[in-house]
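The values are calculated or read from the model by the stated rules, or taken from the named source; none is laboratory data. Just so we're clear, the structure is a prediction, and the values are computed from it rather than from any experiment. Backbone-built Cβ (ideal geometry, glycine too); neighbour counts: all protein chains shown.
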Amino acid sequence: MEEQSGGRIQVEVQNNSVLGGDRELYEALQLNTVQCSFGPMSTLANFEPNYAVCDLPFLFSGKEDAYAQLDGEFGAKLAENLPNVGMRLLAYGENAFRNISNSIRPINTLEDLKGLKIRVMESPVNIATYTALGCNPTPMAFSELYTGLQQGAVEGQDNGIVLTYTAKLYEVQKYYTYTGHIYAANGMVLSEAFWQSLPEDLQQVVDAGAKYAMENQRRLNTEMEEKLEKTMSDAGVQFNTLSEDEVNRFREAAKSVWEQDGIKSLIDPEIYDMAVAIRDK
């Protein structure tokens, strides 16, 4: 952005949450004390409830499907009201598909999940999803997760490969199953006040820069996932993938989450119908 703007835009990158957690950063965008943040859509749902749809189980069939939908009409519709709460989404990136790891047994069937104590985020959608799948969902702060797994307070967790590795969770987990039940989308979100302060030519520079960055973030994230699977496998983690028939059983079990009034009522009916069509295509 600095190069394309001829130095009219200066970018100062702050890593590792030094400016605050995800929610604090979104609040800072509203105040324009921070101009841009790369953060999760699940947290953005606290400001624009329609983003709760992103946490619904088995919304997307795979990464290419997620990219196509979020970069198209569905993603644009989700972002439509963000300027009304002081933010603007420029482009979607990703965290990962959530998969299930645990220290007890490999997950080959839906029945293998029965009774497992799985750490979940404190989210009604996440708790409902794991309940529907037969687990014992246990809300726990991420900062407590490693110790919780180590001491047996929980037996499993559902982060993607990259976070499972970087947080060293694989050290206290033996089995990792590709369930792909939730796609954890992230995004490049801008302060609306900052956006409106830019002339049109700089808006174009910022918009193009964000899209370029997120395209590369997705690519690099996928490459890292492939490398880290081997690293974790060499360290003793056993990986497995569900059969197509079993994935369909998981999907059917999780459909009840979509119909819960407390969850369905969060989402605009038009967006909800779009999501159902994406899920069922």
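Just to be sure I understand, how many residues within segment 175-200 are surrounded by fewer than 17 Cβ atoms within 10 Å (Cβ to Cβ) and under 23 Å from the mean Cα position of the chain (by Cα)? Qualifying residue count for the region: 1. Taking every residue in segment 237-260 that is β-branched (Val, Ile, Thr) and pairing it with any residue that is part of a loop (DSSP other than H, G, I, E, B), at least 6 positions away or on another chain, the pairs with Cβ-Cβ distances below 7 Å are Val237/Gln173; Val237/Lys174; Val257/Leu56; Val257/Pro57.
Only residues that are under 22 Å from the mean Cα position of the chain (by Cα) and surrounded by fewer than 16 Cβ atoms within 10 Å (Cβ to Cβ) were counted in segment 1-29, giving 11.
Annotation note: Cβ proximity below 7 Å between a residue of segment 187-202 that is farther than 17 Å from Ala76 by Cα and a residue that is among the hydroxyl-bearing types (Ser, Thr, Tyr) (sequence gap 6+ or interchain) occurs for Leu202/Ser5. Under the condition of being assigned to a loop (DSSP other than H, G, I, E, B) and of a type in the set (A, V, I, L, M), the residues counted in segment 1-43 number 7. Residues of segment 46-96 that are of a type in the set (Phe, Trp, Tyr) and farther than 16 Å from Val276 by Cβ: Phe47, Tyr51, Tyr67, Tyr92. Of all residues in segment 86-122, those being in contact (Cβ under 8 Å) with a residue 60 or more places away in the chain and out of contact with any Pro (no Cβ under 8 Å at 6 or more places or on another chain) number 24.
When segment 151-167 is limited to residues that are more than 19 Å from the chain's Cα centre (by Cα) and not aliphatic (A, V, I, L, M), the one that is nearest to Ile107 (Cα to Cα) turns out to be Glu155. Note on segment 45-88: residues that are in contact with a strand residue (DSSP E or B) (Cβ under 7 Å, 6 or more places away or on another chain), under 22 Å from Ser123 (Cα atoms) and among the aliphatic types (A, V, I, L, M) amount to 5. Note on segment 112-133: residues that are within 19 Å of Asp55 (Cβ to Cβ) and not in a helix (DSSP H, G or I) amount to 7. I want to confirm something. Restricting to segment 257-272 and keeping residues that are surrounded by fewer than 15 Cβ atoms within 10 Å (Cβ to Cβ) and at pLDDT 95 or above, which single residue is farthest from Ile127 (Cα to Cα)? The extreme case among them is Glu270.
Among the residues making up segment 156-177, a single one is part of a loop (DSSP other than H, G, I, E, B) and among the aliphatic types (A, V, I, L, M): Ala167.
Put simply, of Asn84, Asn46 the only residue that is in a loop (DSSP other than H, G, I, E, B), polar (S, T, N, Q) and over 13 Å from the mean Cα position of the chain (by Cα) is Asn46.
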